[in-house]
1. For the stretch B:1-88, which whole percent of the accessible surface, found with a 1.4 angstrom probe, sits on carbon and sulfur atoms?
2. Report, in cubic angstrom per residue, the convex hull volume of the C-alpha atoms of the stretch A:6-71.
3. Under the definition of Cα pairs under 8 Å and six or more residues apart, what whole-number percent is the relative contact order of the stretch A:4-108?
4. Mind counting lysine pairs for me in chain A? Cα separation below 15 Å, and the two need to be 8 or more apart along the chain or on different chains.
5. Nearest 100 Å², what total accessible surface is buried between chain B and chain A (probe 1.4 Å)?
6. Once neighbouring chains are kept in place and the probe is 1.4 Å, which whole percent of the accessible area of chain A is contributed by carbon and sulfur?
7. On a C-alpha basis, how far is the centre of the stretch A:1-68 from the centre of the stretch B:39-110 in Å? Whole number, if you could?
8. Largest first and in whole Å, give the semi-axes of the stretch A:64-108's equivalent ellipsoid, each being the square root of 5 times a Cα gyration tensor eigenvalue.
Amino acid sequence: DTAVSQTPKYLVTQMGNDKSIKCEQNLGHDTMYWYKQDSKKFLKIMFSYNNKELIINETVPNRFSPKSPDKAHLNLHINSLELGDSAVYFCASSPPPRGDTIYFGEGSWLTVV
Amino acid sequence: SQQGEEDPQALSIQEGENATMNCSYKTSINNLQWYRQNSGRGLVHLILIRSNEREKHSGRLRVTLDTSKKSSSLLITASRAADTASYFCATAGSNYQLIWGAGTKLIIKP
């Protein structure tokens, strides 16, 4: 009965590879997010979708591309992985009103070697 | 971008003591939220306090908000080992986008 689930939890890959992280929420929320948390625990929003429509697109390299096939899913595809992409990526969702409580997944630990 | 700044960055106390963490921010807000992150886990929402509220309680948690000083505090009373975690504040402004602080790492010693 996991609310926000993301896979894989751990991912070790070589530089230059392409990888995807999948996210699904069963909370019925309209808004979903991708956050990046670096080694110093700073949390930075990358993307936000509302009902499959992109509403927040922060300054993120073009190598990162989100895809929302429906409002319960928001996947993150990363091309040409670089060492600096190593981080924890969190998927999250929230109900209306905007700016209120966010529900996070357990995170995907990406290590680029 | 980081708006909230938590203080202290790290806090180590004995089990049973109270823990107080502070969060300062720079621009006007609609609400301020506190989240907990256990090691290796996702963030969990603790409390949301709106800009027209001054204090809120939830179990052993007490949050205060002083909009004139642009600051908030989170008090955890009678701390337990299970409270060991990182605590983050996040503010929602007029565009409703959450801006996060860098977190306070709390260690409860048995």
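The values are calculated or read from the model by the stated rules, or taken from the named source; none is laboratory data. The shown structure was predicted, so the numbers you read here are calculated from the model rather than taken from an experiment. With ideal geometry, Cβ positions are generated from the backbone for all residues, glycine too; neighbour counts draw on all protein chains shown. Only protein heavy atoms, including side chains, enter the accessible area calculation; ligands, DNA and RNA are left aside. Shrake-Rupley method; radii C 1.70, N 1.55, O 1.52, S 1.80 Å.
1. 44 percent
2. On the way: hull volume 7.6 nm³, N = 66.
That works out to 115 Å³ per residue.
3. Result for the stretch A:4-108 is 36 percent.
4. So the count of such lysine pairs works out to 11.
5. Working: alone 6120 and 6520 Å², together 10890 Å².
Chains B and A together bury roughly 1800 Å² of accessible area.
6. Carbon and sulfur: 50 percent of the exposed surface of chain A.
7. Answer, in whole Å: 24.
8. So the three semi-axes of the stretch A:64-108 are 23, 14, 8 Å.
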